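A.B. asks: Pasting in a structure now, in structure tokens, and then I'll have a few things to ask.
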Amino acid sequence: MIEQKINKFFGDGESTGFGTGWWSGILSAFFGFLSFGGVLCLHFPQLLSSPELRPHYPMHTMRVLIQCLIVGAILFGVISSILREKKILALAGMLLAIAATALGGSSVPINETPHGGLAIGLDWFLLDLFLMALIYVPLERLWPQYPKQGTFRKQWTLDVVYFMSTHLPLQILSFLVLLPATQATKYLGVPVLQESIARIPWLLQFVLAVVVADVAEYFIHLALHKVPFLWRFHAVHHSSKALDWIAGSRSHFVDDTLVRGFILAPLMLGFSQSIILAYLIFVTLHATWTHCNFGPNAKWLEKFLVMPRYHHWHHTSQKEAIDKNFAIHFPWIDKLFGTYYYPDEWPESYGLAGEEISPNFFGQTIEPFTKRKRTP
């Protein structure tokens, strides 16, 4: 219902191709939203910014970025308002940019030194949204596997809510995931193993960490499919009937917590923090890419690394591929355990096979805790 109202309010019957003012309107609204949020973070750093990230910000660069977003929102808004008859998107972007400027823009002084404590994490949400959209939206628009599937396809607002839910409560999720892993290393850590791994060249350590993480994720992923109680939560991730970069964000918090904790625990037994951080960056980029609506493929690489088509087969509702392709990074893991499926074509359908779940965020969050069986 909300999605229909948003689409009706901002959309129109005109063409949405390049040069029509549609994408300049989208960019105006997007940049305006980001700049307004960035200025709010400057005003309220203690409440809105993440304590884990504050010490690492190059503030001059961040201020320049906010200023560029304000200018970009106004510039694209003007272009869109000239090219397009309906000017709601352009006006929304320009108004947000003007509001950001009225609040002080990028020059807002930070009058106090933020310290630890509960924070919302708006800065992490804005940064990740900006970077992910900057990388993946152009790929999907220029080289889509399914050209008729637009950026604002059905249920896109639901996936935006999921994206927010995994970013804004950053400290809560970090606590839920890192605490069990930290406790595991406290009692199960093997100093000899840690010292041995530390002597390996950094790049080889990273590759080894990816292998360890993928094997660990294979088994927790398998359990999420095979254990009926766990499937209730994982079914949320599989409920999307169209895949793109943001569809991968659709995941129940119990599912997220189990997977991340199960991966981090073995990594923290023997790998340094720099290796773990590098892996977290890699898995974020790679996992997002494998959900993309992106057609091109590298034949020589697909034997060694999971590509979008490979993971799309994991999400299909077609019977022949149900419970296949559990590996996240390396297809050979599925070959090793007999769950490999990779035909030459792409899937024809996605989502849950013979099973329905609640269509909204709150229903999908609460429903798995009630008794519900997976349809065979």
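The values are calculated or read from the model by the stated rules, or taken from the named source; none is laboratory data. What you see is a predicted model, and the numbers here were worked out from it, not measured in a lab. Cβ: placed from backbone, ideal geometry, glycine included. Neighbour counts: every protein chain shown. Each accessible area value is taken on the protein alone, full model and side chains, heavy atoms only, with ligands, DNA and RNA left out. Shrake-Rupley method; radii C 1.70, N 1.55, O 1.52, S 1.80 Å.
A.B. asks: Output the residues belonging to segment 285-299 that are at pLDDT 90 or above, over 15 Å from H315 (Cα atoms) and out of contact with any Phe, Trp or Tyr (no Cβ under 9 Å at 6 or more places or on another chain).
C.D. replies: Within segment 285-299, L285, H286 meet the criteria.
A.B. asks: Which pairs have Cβ atoms under 6 Å, sit 6 or more apart or on different chains, and link a residue in segment 334-361 that is acidic (D, E) to one that is assigned to a loop (DSSP other than H, G, I, E, B)?
C.D. replies: D334/N325; D334/A327; D334/Y340; E355/T375
A.B. asks: For L131, work out the one condition from (1) surrounded by 14 or more Cβ atoms within 10 Å (Cβ to Cβ); (2) within 22 Å of F36 (Cβ to Cβ) it doesn't fulfil.
C.D. replies: Unmet for L131, out of (1) surrounded by 14 or more Cβ atoms within 10 Å (Cβ to Cβ); (2) within 22 Å of F36 (Cβ to Cβ): (1).
A.B. asks: On to the next question. Is there a residue in segment 189-207 that is in a helix (DSSP H, G or I), at pLDDT 80 or above, open to solvent by 40 Å² or more (accessible area, probe 1.4 Å) and charged (D, E, K, R)?
C.D. replies: Within segment 189-207, one or more residues are in a helix (DSSP H, G or I), at pLDDT 80 or above, open to solvent by 40 Å² or more (accessible area, probe 1.4 Å) and charged (D, E, K, R).
A.B. asks: Let me ask something else about it. List the residue pairs whose Cβ atoms are under 6 Å apart, where the first residue sits in segment 221-238 and is over 14 Å from A353 (Cβ atoms) and in contact (Cβ under 8 Å) with a residue 24 or more places away in the chain, the second is open to solvent by 10 Å² or more (accessible area, probe 1.4 Å) and basic (K, R), and the two are 6 or more positions apart or on different chains.
C.D. replies: Listed pairs, sorted by first residue: P228/R374; R232/R372.
A.B. asks: If you go through segment 134-162, how many residues are surrounded by fewer than 16 Cβ atoms within 10 Å (Cβ to Cβ), over 22 Å from S239 (Cα atoms) and either touching a Lys or Arg at 6+ places or on another chain (Cβ under 8 Å) or among the aliphatic types (A, V, I, L, M) (or both)?
C.D. replies: Here the count works out to 3.
A.B. asks: Right, something else. Given the conditions (1) crowded, with 21+ Cβ neighbours inside 10 Å; (2) without any contact (Cβ under 8 Å) to a residue 12 or more places away in the chain, report the number of the one that L280 does not fulfil.
C.D. replies: Checking L280 against (1) crowded, with 21+ Cβ neighbours inside 10 Å; (2) without any contact (Cβ under 8 Å) to a residue 12 or more places away in the chain, the one that fails is (1).
A.B. asks: Could you please find all residues in segment 276-308 being among the aliphatic types (A, V, I, L, M) and either within 26 Å of P266 (Cβ to Cβ) or assigned to a helix (DSSP H, G or I) (or both)?
C.D. replies: I276, L277, A278, L280, I281, V283, L285, A287, L301, L305, V306, M307
A.B. asks: All but one of (1) open to solvent by less than 10 Å² (accessible area, probe 1.4 Å); (2) more than 23 Å from F125 (Cβ to Cβ) hold for F262, so report the exception by its number.
C.D. replies: (1)
A.B. asks: Cβ contacts < 9 Å: first residue without any contact (Cβ under 8 Å) to a residue 12 or more places away in the chain, restricted to segment 91-113; second residue of a type in the set (S, T, N, Q) and outside any helix (DSSP H, G or I), any location; separation 6+ or different chain. Result?
C.D. replies: Within 9 Å, no pair qualifies.
A.B. asks: Considering only segment 238-248, state which residues are open to solvent by less than 20 Å² (accessible area, probe 1.4 Å) and part of a helix (DSSP H, G or I).
C.D. replies: Answer for segment 238-248, where residues must be open to solvent by less than 20 Å² (accessible area, probe 1.4 Å) and part of a helix (DSSP H, G or I): H238, S239, A247.
A.B. asks: For residues that are more than 15 Å from the chain's Cα centre (by Cα), under 23 Å from T339 (Cβ atoms) and of a type in the set (V, I, T), tally how many sit in segment 260-312.
C.D. replies: Of the residues in that region, 2 qualify.
A.B. asks: Give me the residue from segment 334-360 that is open to solvent by 10 Å² or more (accessible area, probe 1.4 Å), within 24 Å of K148 (Cβ to Cβ) and among the small types (G, A, S) and, out of that set, modelled with the lowest pLDDT.
C.D. replies: Among residues in segment 334-360 that are open to solvent by 10 Å² or more (accessible area, probe 1.4 Å), within 24 Å of K148 (Cβ to Cβ) and among the small types (G, A, S), the one modelled with the lowest pLDDT is A353.
A.B. asks: Another question, then. Quick one: count up the residues across segment 289-322 that are open to solvent by 20 Å² or more (accessible area, probe 1.4 Å) and under 17 Å from Y218 (Cα atoms).
C.D. replies: 3
A.B. asks: Are any of the residues in segment 55-63 under 25 Å from L142 (Cα atoms) and of a type outside the set (D, E)?
C.D. replies: No; the residues of segment 55-63 include none that is under 25 Å from L142 (Cα atoms) and of a type outside the set (D, E).
A.B. asks: Kindly list, by first and then second residue, each pair from a residue in segment 28-52 that is at positive phi to a residue that is open to solvent by less than 20 Å² (accessible area, probe 1.4 Å) and not in a helix (DSSP H, G or I), limited to pairs with Cβ atoms under 6 Å and residues at least 6 apart or on different chains.
C.D. replies: Nothing qualifies.
A.B. asks: Going through segment 323-333 one residue at a time, which ones are over 25 Å from F282 (Cβ atoms) and either free of Cβ contacts under 8 Å to residues at least 12 places away in the same chain or surrounded by 13 or more Cβ atoms within 10 Å (Cβ to Cβ) (or both)?
C.D. replies: none
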